[in-house]
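What follows is a short report on a single structure.
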Amino acid sequence: MAAPVRASLMITCLGDVFFPEVGVAMVRLLRGLGVEVDFPEGQTCCGLPLFNSGYHHDAALVAARTVELFERAEHVVVPSGSCAWMVKTEYPGLLKHDPARRAAAESLARRTRELSQFLVEVLGITRLDARFEGKVTYHDSCHLLRGLGESAAPRALLRGVPGVELVELPGADQCCGFGGSFSVRLPEVSSAILDKKLASVEATGARCLVACDAGCLMQMGGGLSRRGSSVKAIHLAQVLAGEGPR
Amino acid sequence: MSEGLLRTTLPDRAGAALRDTFLQQALTIATTKFIDLRRESFEGFPQGEALRDRARAIKEATLQHLDVHLERLADNVERLGGTVHWAATAEEAREIVLRLARDRGVRMAVKSKSMATEEIDLNEALEHAGVTPVETDLGEYIIQLAHEKPSHIIAPAIHKTKGQVAELFSRELGGRFEADPEVLTAVARRALRQKFLEADMGITGANFAVADTGTVVLVTNEGNGRMVTSLPRIHVALMGIEKVIPSMSDLVVFLDILARSATGQKLSSYTTLVRGPRRAGELEGPEEFHLILLDNGRARQIASTLREALYCLRCGACLNVCPVYRQIGGHAYGYTYPGPIGILLTAMLNGPESVKDLAHASSLCGACADACPVRIDIPKMLIELRRDVGERRIAPWPERVVFGGFGRLLQRPALYRLAARTGRVLQRPFVSRGAIRRLPLFFGDWTRTRDLPPIAARTFQERWADLEREGHR
């Protein structure tokens, strides 16, 4: 029998602090698929908030320490498209002035994948044992969709869960209005964008709104909760692990 | 450049736009239509993707020898009997037009739609000099009557509903007109016909100028551009220097993607090619043709991080797909060029100080870069602008302090974990039924409209030891 696939979990700051249940679901899901999961200690954040706001000096320092933390990982799996994008697309450029670090960043970029891409590309999974009853809809996170060019993997996985009925969200590819610090720099605009998104979500009749990014989930989940909506925003990993709301 | 607007802040202008129900209605209808039309037109055009790459490559190659192409354009325009003027600044460009008008006794100038003339505030200058400018593009005509500025690069009156236009026409033109686009267009057409015949000068912009042939190209839909370039005795075209392209075969590439990106048309209704003034034996055309080449801060950007913004075709596709533009419209941006590309052009023309807030008027969703016919990486340049604003210390100091502290926190895992534990204690008074519904200070900007998940009772890091044991069972 071939050696098991080994994957290191990059939990991300929002995943660690606000959505630990997503990380737990991911670990159980991956273990259930025979993956050996480890969790390098000392993780903080990928530095995307610093990078997006233009604080590139600090972002580079954060990138450098993250590259080191995951130096020995065979695969790195991330529950957020935006953080995976940051590591894959921006780390090498941030560390370009130090050839050794740049090379290490490029290596990390190659080994890093967002969860749905890891499941489909590396493990070749599209059918899952989990069970999840009901209608769900899927929101394409901007960085996963346009940054990493992924729209098929999450949908294929959702369709692969017995009991899931996936309904397409009209305007699924449109931003939810989060945008990191944008959400508090222009809160009214961010909320207006969110309102449109949530109106489409509620019109689908889905009981769960699924996404692959903690930022979008915070924004859309926060909006749904404030509206008193019956729709729950959950991470793909929770559906795939059969750990959604009952 | 609408400086009057800038006495207000961006959040105030955006807030006002969000509360303007007419604007919201008009924006949603128009941008949704533009998005659908663009998508449909590219769906039936498989070669579109390769043409976009090609167009981008042409723009890039042209910029590398911009001086050569401009000289060649100027030589060819003059060979055809036209006159070429070089304007380093907006002021110089205005002076050139005013001098021409003064010397030739011009009383009225008809204009076809041109963002370059908006950029240099030409209408105000003409009025001040006693020359009446008349906008002849329907949208521009509407906003001229309303004493407003364009709020979209190709659809200047996109912020108005047909009901508002009917009211405006009834008030300004005398009459009672119903809110029917066909009726209103006929009204404008009648009013404008006389102006075309009276005007001494026609003023246009240029979508492209072909260096090889000295051709100025106008892409329009209403036919007004053709009358502006052929009826008055003088035609003045004003173009940014980045609009030059080398050859007619390059033009074909751009024409194939421009209208598709802008309005979803295969080609616009009119593609007007102007080569100099009327020649001996020709029946129509102006007696004089003047081409003004406007720099106004463009050339110095060739070697800057904003370089790609010089590829822009002014199609407006990035505005239509931008979630921010779709909510607040063009006026809230406060400058001539709105939307994602407008932020870059504003920085280019007015310096980074002018966009210290605007650079953040984007969720960086990337829809703009996706829609751009020449694939300008707008989000990347917005991030670069934010960096520039930060490094020049134009960004407000509290922000720099917060991000500085955040940066240090993220490099010290023990401190990061302590911050999470501290937050968990501090949040206690605010948590109810598993959510945070109200927070003080700037955190309130989040909780005014959205709940916040509380910091977890046990973070993932705190749960890992248990999870690790679970794995060994």
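Could you check, for segment B:382-397, whether at least one of its residues is β-branched (V, I, T), more than 9 Å from chain A (Cβ to nearest Cβ) and either surrounded by fewer than 20 Cβ atoms within 10 Å (Cβ to Cβ) or touching a strand residue (DSSP E or B) at 6+ places or on another chain (Cβ under 9 Å) (or both)? Step through it out loud before you land on a result.
Filtering segment B:382-397 for residues β-branched (V, I, T) gives B:383, B:389, B:394.
Okay, now just the ones that are also more than 9 Å from chain A (Cβ to nearest Cβ), so B:394.
Pick out the ones that are also either surrounded by fewer than 20 Cβ atoms within 10 Å (Cβ to Cβ) or touching a strand residue (DSSP E or B) at 6+ places or on another chain (Cβ under 9 Å) (or both) and you get B:394.
Scanning segment B:382-397 turns up at least one residue that is β-branched (V, I, T), more than 9 Å from chain A (Cβ to nearest Cβ) and either surrounded by fewer than 20 Cβ atoms within 10 Å (Cβ to Cβ) or touching a strand residue (DSSP E or B) at 6+ places or on another chain (Cβ under 9 Å) (or both).
Starting from residues that are in a helix (DSSP H, G or I) and free of Cβ contacts under 8 Å to residues at least 12 places away in the same chain, keep the ones in segment A:213-246 and report whichever is farthest from the chain's Cα centre (by Cα).
A:R226
Considering each residue of segment B:343-367, count those that are assigned to a helix (DSSP H, G or I) and more than 10 Å from chain A (Cβ to nearest Cβ), and give that number.
13
Given the conditions (1) more than 21 Å from A:E243 (Cβ to Cβ); (2) open to solvent by 10 Å² or more (accessible area, probe 1.4 Å), report the number of the one that A:G163 does not fulfil.
Here A:G163 clears every test but (1).
With respect to A:G134, is the statement that it is within 14 Å of chain B (Cβ to nearest Cβ) and over 27 Å from B:Q24 (Cα atoms) true?
So A:G134 fails the test.
Is at least one residue of segment B:68-78 farther than 20 Å from B:D250 by Cβ and out of contact with any Leu (no Cβ under 6 Å at 6 or more places or on another chain)?
Yes: one or more hits.
For (1) open to solvent by less than 30 Å² (accessible area, probe 1.4 Å); (2) closer than 26 Å to B:I120 by Cα, each residue gets a yes or a no:
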position	(1), (2)
B:Y141	yes, yes
B:A157	yes, yes
B:K160	no, yes
B:A166	yes, no
B:E198	no, yes
B:M201	yes, yes
B:L238	yes, yes
B:K243	yes, yes
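Go over the candidates B:V389, B:V425, B:V401 one by one and state the one that is under 30 Å from B:S261 (Cβ atoms), among the hydrophobic types (A, V, I, L, M, F, W, C) and part of a helix (DSSP H, G or I).
Just a single option satisfies the conditions, and that option is B:V389.
Can you name every one of the helices (runs of 4 or more DSSP H) wholly within segment A:54-110 that holds 3 or more residues which are open to solvent by 30 Å² or more (accessible area, probe 1.4 Å) and within 13 Å of chain B (Cβ to nearest Cβ)?
The helices (runs of 4 or more DSSP H) meeting that bar are A:56-69.
Which residue, of B:I292, B:I328, is surrounded by 23 or more Cβ atoms within 10 Å (Cβ to Cβ) and more than 16 Å from the chain's Cα centre (by Cα)?
When all the criteria are applied, what remains is B:I292.
Pairs only if they're at least six apart or on different chains, beta carbon under 9 angstrom, first in segment B:278-294 and over 19 Å from B:A74 (Cβ atoms), second acidic (D, E) and outside any strand (DSSP E or B); list them, first residue then second.
B:R278/B:E284; B:R278/B:E287
Filter segment A:43-70 for residues that are touching a Leu at 6+ places or on another chain (Cβ under 8 Å) and either farther than 29 Å from B:S363 by Cα or aromatic (F, W, Y) (or both) and give the result.
Of everything in segment A:43-70, those that are touching a Leu at 6+ places or on another chain (Cβ under 8 Å) and either farther than 29 Å from B:S363 by Cα or aromatic (F, W, Y) (or both) turn out to be A:F51, A:F70.
Just one of (1) assigned to a loop (DSSP other than H, G, I, E, B); (2) surrounded by fewer than 20 Cβ atoms within 10 Å (Cβ to Cβ) trips up B:A206, so point out which.
Result: B:A206 passes all but (2).
Considering only residues of segment A:216-245 that are touching a helix residue (DSSP H, G or I) at 6+ places or on another chain (Cβ under 6 Å) and among the small types (G, A, S), which is farthest from the other protein chains (Cβ to nearest Cβ)?
Applying the filter and picking the extreme gives A:G244.
Name the residues in segment A:131-152 that are open to solvent by less than 30 Å² (accessible area, probe 1.4 Å), assigned to a loop (DSSP other than H, G, I, E, B) and within 26 Å of B:P379 (Cα to Cα), would you?
Those that are open to solvent by less than 30 Å² (accessible area, probe 1.4 Å), assigned to a loop (DSSP other than H, G, I, E, B) and within 26 Å of B:P379 (Cα to Cα): A:H139, A:D140, A:S141, A:E150.
Taking the conditions exactly as written (within 16 Å of the chain's Cα centre (by Cα), in a helix (DSSP H, G or I) and crowded, with 19+ Cβ neighbours inside 10 Å), does A:R155 satisfy them or not?
no
Yes/no matrix, rows are residues, columns are (1) farther than 25 Å from A:W85 by Cα; (2) of a type in the set (D, E, K, R):
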residue: A:G149; (1), (2): no, no
residue: A:R155; (1), (2): no, yes
residue: A:R159; (1), (2): no, yes
residue: A:V164; (1), (2): yes, no
residue: A:C175; (1), (2): no, no
residue: A:K197; (1), (2): no, yes
residue: A:V210; (1), (2): no, no
residue: A:M220; (1), (2): no, no
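Give me a count of the residues in segment B:341-361 that are open to solvent by 20 Å² or more (accessible area, probe 1.4 Å) and either under 24 Å from B:A299 (Cα atoms) or of a type in the set (S, T, Y) (or both).
So the count comes out to 6.
Determine if segment A:1-12 includes at least one residue that is at the interface with chain B (Cβ under 8 Å from one of its Cβ atoms), more than 15 Å from the chain's Cα centre (by Cα), closer than 26 Å to A:G221 by Cβ and aliphatic (A, V, I, L, M). Please lay out each step first, then the result.
First, pick out the residues of segment A:1-12 that are at the interface with chain B (Cβ under 8 Å from one of its Cβ atoms): A:11.
Add one more test, that the residue is more than 15 Å from the chain's Cα centre (by Cα), and what stays is none.
Within segment A:1-12, not a single residue is at the interface with chain B (Cβ under 8 Å from one of its Cβ atoms), more than 15 Å from the chain's Cα centre (by Cα), closer than 26 Å to A:G221 by Cβ and aliphatic (A, V, I, L, M).
Look through segment B:112-134, keep the residues that are among the β-branched types (V, I, T) and in a loop (DSSP other than H, G, I, E, B), and return whichever of them is surrounded by the fewest Cβ atoms within 10 Å (Cβ to Cβ).
Step by step, filter segment B:112-134, then rank; the result is B:V131.
Residues being in a helix (DSSP H, G or I), open to solvent by less than 40 Å² (accessible area, probe 1.4 Å) and not charged (D, E, K, R): count how many of those fall in segment A:15-42.
The number of residues fulfilling the criteria is 11.
Find the residue count for segment A:181-210, including only residues that are in contact (Cβ under 8 Å) with a residue 40 or more places away in the chain, surrounded by fewer than 22 Cβ atoms within 10 Å (Cβ to Cβ) and within 14 Å of chain B (Cβ to nearest Cβ).
Looking only at that region, the number is 1.
Just the residues that are in contact with a helix residue (DSSP H, G or I) (Cβ under 8 Å, 6 or more places away or on another chain) and on the phi > 0 side of the Ramachandran plot, please, taken from segment B:270-286.
B:G276, B:G285
Please count how many residues of segment B:432-473 are more than 7 Å from every other protein chain (Cβ to nearest Cβ), within 24 Å of A:T44 (Cα to Cα) and either part of a helix (DSSP H, G or I) or among the hydroxyl-bearing types (S, T, Y) (or both).
7
Among the residues of segment A:158-201, how many are in contact with a Cys (Cβ under 7 Å, 6 or more places away or on another chain) and acidic (D, E)?
0
Taking the criterion of being touching a Lys or Arg at 6+ places or on another chain (Cβ under 6 Å), closer than 22 Å to B:A14 by Cα and either outside any loop (DSSP other than H, G, I, E, B) or at pLDDT below 95 (or both), would at least one residue in segment B:332-342 satisfy it?
Here is the first cut: in segment B:332-342, the ones touching a Lys or Arg at 6+ places or on another chain (Cβ under 6 Å) are B:332.
Filter once more, so that each one left must be closer than 22 Å to B:A14 by Cα: B:332.
When the remaining residues are screened for being either outside any loop (DSSP other than H, G, I, E, B) or at pLDDT below 95 (or both), the result is B:332.
Yes - at least one qualifying residue is present in segment B:332-342.
Every residue, every condition in (1) in contact with a Lys or Arg (Cβ under 9 Å, 6 or more places away or on another chain); (2) surrounded by fewer than 18 Cβ atoms within 10 Å (Cβ to Cβ); (3) farther than 25 Å from B:D212 by Cβ, yes or no:
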position	(1), (2), (3)
B:E71	no, yes, no
B:L80	yes, yes, no
B:T83	no, yes, no
B:A87	yes, no, no
B:A90	no, no, yes
B:R94	no, no, yes
B:V97	no, no, yes
B:L100	no, no, yes
B:D103	no, yes, yes
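The values are calculated or read from the model by the stated rules, or taken from the named source; none is laboratory data. In this text, all values refer to a predicted model and were calculated from it rather than measured experimentally. Note that we place each Cβ from the backbone using ideal geometry, even for glycine, and neighbour counts take in every protein chain shown. We work out accessible area using only protein heavy atoms, side chains counted, and drop any ligands, DNA or RNA first. Shrake-Rupley method; radii C 1.70, N 1.55, O 1.52, S 1.80 Å.
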